[in-house]
Structure formats: C-alpha cells, structure tokens
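To start, the structure under review is shown below, and the notes come after it.
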Amino acid sequence: MTNSSGVVTFTWPAGAFLMPPVVALAVQAGDGFRSARISANTATSTTVTVLAASGVTLLGIGVLAAGAPAVGVTVHATATATP
C-alpha cells in the first residue's frame, strides 16, 4: 500500500534475482485516474510511485487535472527473472 508520498517498495527475497527483474504492475481500482511507474528497480527491491488525477471539464472538453501522490493505494507486482 502506498505511503503519504504515493510510494511503495517491494523487497525481493535474498538471492531471488541476480539482476533487476522484469516487473508488471497492477493498481486496484478507485476514484479518478491513477498512474503507476517504477521509479527504481534492483535485484533486491522495486520502488513504485503512484499518482492520482481527477477529471476536469474545461470549456466543455474533459481533461485530467495534475497528478498528485496517491495515498493508501494497493499495488500488485509480479517480478520475473530476466533470461
């Protein structure tokens, strides 16, 4: 679950990966638009940053507001060793 900065760190078991793994992310549904990105990835851990934005209508056109850190968001990660 993300912290007050919208960040969550996954720590991989010792020796699980010899190099940074390939990581797939999924963010649980919630209000507004959410984006997740890997901000750091090593053989021992992966850090993910999640931002949330709400929709805004400007002159009859729907646009996204600026993203802000998404607090308390559940993030799922699947890590696979690179060949």
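The values are calculated or read from the model by the stated rules, or taken from the named source; none is laboratory data. Note that the coordinates shown come from a computational prediction; the quantities given were computed from them, not determined experimentally. Here the Cβ positions follow ideal geometry from the backbone for every residue, glycine too, while neighbour counts run over all protein chains shown. Note: accessible area is taken over every heavy atom of the protein model, side chains too, but ligands, DNA and RNA are not part of it. Shrake-Rupley method; radii C 1.70, N 1.55, O 1.52, S 1.80 Å.
Each peptide in 45-53, 31-39 receives the mean, over its residues, of other Cβ atoms within 10 Å, and ordering these scores from highest gives 45-53, 31-39. Over the Cα atoms of the chain, what is the Rg over Rh ratio if Rh follows Kirkwood? Ratio of gyration radius to Kirkwood radius for the chain: 1.10. Take the Cα of L18, step 7 Å toward its Cβ, do the same at S54, and the gap between the two points is 5.1 nm. Overall, the accessible surface of the chain at a probe of 1.4 angstrom is composed of carbon and sulfur to the extent of 62 percent. Surface exposure of the chain, expressed per residue as accessible area with a 1.4 Å probe, stands at 63 Å². Under a Gaussian network description of the chain, with springs only between Cα atoms under 10 Å, the residue in P13, P69, P21 that fluctuates furthest is P13. What the Cβ-Cβ distance of A68 and A26 gives, at R0 = 30 Å and to the nearest 0.05, is a FRET efficiency of 0.90.
Approximating the spin labels as points 7 Å out from Cα along Cα→Cβ, the I38-to-S5 distance works out to 2.0 nm.
Taking the Cβ of P69 as the center, what net charge do the other residues with Cβ under 14 Å away carry, scoring Lys and Arg +1 and Asp and Glu -1? In short, +2. Centre-to-centre, using Cα atoms only, the stretch 3-26 and the stretch 29-68 are separated by 18 Å.
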